[in-house]
Structures are given as structure tokens and as C-alpha cells.
Amino acid sequence: MTPFYPRTKRTTLARPAATAAWLMANCALFLPNAVSAQALLPGANATAATGTTTQIPTAAASPGIEPADTDAITTNSISTDAGEPLLNDPTVDEDMARTNLRENTVDGLRAQLDIDRNDAQGIRFGSFVLKPTLGQTYNFESNKTGSSKENRSYLETGLKGTLTSDWSRHQLTVTGEGTWQRNVSGTGETEPTADIEAALRLDLSEQTTATLKAGYHFEREDSTDPNAITNASVQSGIDQYTLGAGIERDFGILRGSAKIDFDRYVYGDAELNNGGSLSLKDRNRNAGAVTVRVGYELSPALIPFIEASAGKSIYDLRRDTLGFERSYNSYGARAGVEADLGEKLNGEIALGYQTYRFDDNRLDDLRGFTVDGTINWSPQRGTDVAYGISTGLEPSTTAGESGAMVYTLSSRVTHELRSALVARLSNSLTLRNFPSGSSQDEKVWAAGAGLTWDLNRYLALTGDVSYERTTRETGPSTNVARVGVGLTLRR
């Protein structure tokens, strides 16, 4: 085997004693440099957070470094001879320059720098922040009732925004949302919507909070609604105006609240298949209610409560087109419990009784037991589940019919498949029961699924599919299927 070194070159091995002495000399030589280098690491000095200059004492400086050279050494970076920073280079892991490494997370996942990094920052107007959202989707809808079927393709434009105050005390929040549809092909009724609400919270004291609100809502009556006009090509548009005021106060372990609500309903004309129109102004009405609630704090996470309400609804016309006096008085009472176990589980559930007593003696009182509640559950990080149950009373326009009891069960799940990809699932079941039996009871089942992919914090790609089925005791059922894809722009 050919030797590595030439044969004329002689190599010698250091003796153990000489080797040990050589190692000790080097340790003594480089020990001051190690201490000085650690002093330059971020966090080693109290002034590291501010990035001020750290002076190294001459006695602690390494040999060969002049005191003038130490003036250029700062706590926020370590520089090479060429003056290029090492710690500020994004390609260098900051943990490589640390002697006290961070503690790892419990689940071993890398901590996120900003959990809201994909959220749009909004537009500031003085002490307010506006967060607008503009969406455009292309949709296909199939509507089948019995043997008749109609399809349509349409564009839907949606505008949504939130205006929030940034005050040290009190808060004003204005939220708005609207959708507009235009048919591209096929036939079918468009369904525009509009919502706007302003809520002012007044912090009167540490224990007392007052709330003022006002709003507007518009929607077109669903053709499957029992009160809809059967021979109408376009159903009536419903304008709803709302006003409200409330106050809440903590009395130690007792919590009390009172509120008053006012609603104004205005019904537009329905367009008939023969080209005419039908006025529905006899359904216009004003409704007001007062609600009082008292809760007892067993613990900060568990608060049982009782609630009572009383109201009055007055129609613009004393008698409708069929000669019935539809105005009524409403009374209700509920008892339940409110739970707040943090972000993992919170909500409330209540049982009660409610009745509508009509002015016309020919109309029976509309009454029944009510179940209302919401539960928010987060089984794991990135997954949110919401369950809901509600009971409502709907006045009728059918001759001799008081109205219906409406029970609704709903659920919604959102899950983060990835940090920029969110999946949605929803499901609901509505039971509409007419106690008098003169009208047909019906069931409405709806299900939907969707995906949202955040391309960046300002632009997202969305896709949705939904299905709705309405069945009645007699007669054909109605099936509506929709699929859509679109873009959402956020600012």
C-alpha cells in the first residue's frame, strides 16, 4: 500500500503529557472569547430588546481586539469582519446562535408566529376600522316540484362589511351584508337579500352595560312558504325595520337584564303569472315586546336563569282581505341554564311556553311549549361545531287559521384542513306544525358543504354545494339543488 506521505517525511506522535498541556493552554486561551461571545447573544443583556450598543470591557475582550472595535458591536446582531450580519439573515436559524433554546410545544408542533396572519387588516377611518368583503360566484340551480322542473344559471354578487370603533370606552359596531342575483340562463326566481345593523354598547359602570341597536332586513318570501302566493311568478319582498334598547347589570351573584324590541314589517306586491300584481299590504304590521331576565351565578361557568316576555302586534288594517282581525297579544316564559367552559364548550338551553292571543274570536290562540338553545363545541384545534334548536310562532294568512309552531334543529361544522384551507358542513331540519289541522304540516331538510382556500390574506377561492327538500302531508315534494364556485376579495 502506498503511504500517504513521502517516505522522506517523518511523522512523530505527541506524548500524552505534552498533549494534555497543549489542550489546557488552548482552553485558557479561548475561554475569554467564549464568555464575550455569549454576552453578545440576544437576551444576554437587559438592553438587548432595545437594540442598544453594548460596550465590552477591555479586560474581558479577546486578544487582538482593540477597544475601538467594540463600539461597533451591538446586541441585535453579530457581524463578521466584512460587516455582514449573521443573526439578522433570515436564512440563518435563530436557534443556532442561542445557548438557552426554547421549550418545545406540548404536541411537538411548530408554534405559529401570528394566528391571524391571513386576516385582512382592514381600512382605518379615524377611530374606526372597516373590513369590507366582496364576493362573486357563478351558480347552477335545479328546482323540481312533482313532475315540473326548471333549471337556471346565475351570477351572485355579495358585499359584506364590518365597521368597528376603537375607543377606550364604549363601542359602536355596524355590520352589513347584501346579495344580488342575475340569471344567466334558464328560468327561476332570484332571491336578493340585504342586512344592516348598528349596535352601540355603553359602559355605564363596571357592573352596568346598556345597548342601543337599529337595523334593516330585506328578503323575498320563499315560494315554499305556506303564506306564499301559489300563482305568483315573483313572490312578495319583505322589508323589516328593527329598533331595540337594553340594559344589563350584575348584582353580585345575581345578574339582571331588561330589553325592549320593536319590529316593523312591510310586504310588497306579488307579481302574478298572468302579468298582474297582488297587493299584500294587509299583512303589514308593527310588533313590540319587553323581555326581563334574571340569572343566578352558581359559578362563573354555570348560571341558571328565568325569563319572561310580553308584547303586542298591531296590523295596519284592522281586518285583512278575508275579514279577520289578525292583531294579537303575545306572552312567554322560559327557564334554562347558561354555561361557559371557555373556548372548548359554551352555550345555553332553555324550556318555556309561549302564546299568541288574537283579537278575532274566530281565531284560536296559537300556543305551545318552546325549546331554544345553542351549543358551541371545539373538539380539537381548528375544528368548531355549533348546534342549535329554536321554536317560533308564525301567524297565518289562511282563512280561519291562526298560524303554525315552527321547530328548527341545526348544526354546523368548520374544520381547518390546512392553515389556508377550511371545510364547512351544515345541516338543518325544520318542522312546521299547524295545531288547528286546517293546513298541511310540512318538513324542510337542508344540507350543505363548502371549501374556502385562502390564496393570500386578501383573496380566497370558494366552492359550495347544497340541497333542500320540502315535504308535505299531501301533494308533491320540492327539491332544490345548488352548486357554485367563486372568488372573495377582502380588505
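The values are calculated or read from the model by the stated rules, or taken from the named source; none is laboratory data. Please read these numbers as outputs of a predicted model, since none were measured by experiment. Cβ placement follows ideal geometry from the backbone for every residue including glycine, while neighbour counts extend to all protein chains displayed. Accessible surface areas use protein heavy atoms only, side chains included; no ligands, DNA or RNA. Shrake-Rupley method; radii C 1.70, N 1.55, O 1.52, S 1.80 Å.
Per-structure values
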quantity	calculated
Residue-span extension gain [residue 365 to residue 491] - 0.36 nm each, minus C-alpha spacing	40.3 nm
Residue list for segment 250-278, given a label point 7 angstrom along the Cα-to-Cβ vector of residue 148 and an amide N cut-off under 11 Å	273
Amide H contacts of residue 337 (H built 1.01 Å from N, under 5 Å, at least 5 apart or other chain)	305, 349
Cα-centred dipole magnitude for segment 154-283, charges only on beta-carbon of K, R (+1) and D, E (-1), debye, nearest 20	380 debye
Qualifying trypsin sites (Lys or Arg not before Pro) for segment 242-346 [loop in DSSP, other Cβ within 10 Å: at most 13]	318, 344
Eligible lysines near residue 259 by straight Cα distance, threshold 21 Å, same-chain separation 8 or greater	213, 312
Probe 1.4 Å, protein heavy atoms only - accessible area per residue of segment 381-491 in square angstrom	52 Å²
Ordering of 474-483, 393-402 by packing [mean C-beta count within 10 Å, highest first]	393-402, 474-483
Projected label distance in nm at residue 337 and residue 353, using a 7 Å step from Cα toward the beta-carbon	2.3 nm
FRET efficiency estimate (nearest 0.05) - Cβ-Cβ, residue 479 to residue 378, R0 30 angstrom	0.35
Tensor-based shape of segment 336-453 (alpha-carbon gyration tensor, a/c under 1.5 rounded, otherwise prolate or oblate)	oblate
For segment 123-249: accessible area per residue (Å², 1.4 Å)	57 Å²
Fraction of accessible area attributable to carbon and sulfur, segment 145-185 (%, probe 1.4 Å)	50 percent
Computed label-point distance, nm, for sites residue 247 and residue 446 using a 7 Å Cα→Cβ extension	3.8 nm
FRET efficiency, residue 317 to residue 169 (Cβ-Cβ, R0 45 Å, nearest 0.05)	0.45
Highest to lowest packing among 268-279, 357-368, scored as the average C-beta count within 10 Å	357-368, 268-279
GluC sites (Glu not before Pro) lying in DSSP loop within segment 279-360, provided at most 13 other Cβ fall within 10 Å	343
Protein accessible area in segment 401-491, 1.4 Å probe - carbon and sulfur %	61 percent
Extension gain (nm, one decimal) between residue 121 and residue 207, 0.36 nm per residue minus Cα-Cα	27.7 nm
Alpha-carbon centroid distance for the pair segment 191-241 / segment 293-371, whole angstrom	18 Å
R0 of 35 Å, Cβ-Cβ distance residue 410-residue 130: FRET efficiency to nearest 0.05	0.70
Segment 162-225: trypsin sites (Lys or Arg not before Pro) in DSSP coil with no more than 16 other Cβ atoms inside 10 Å	169
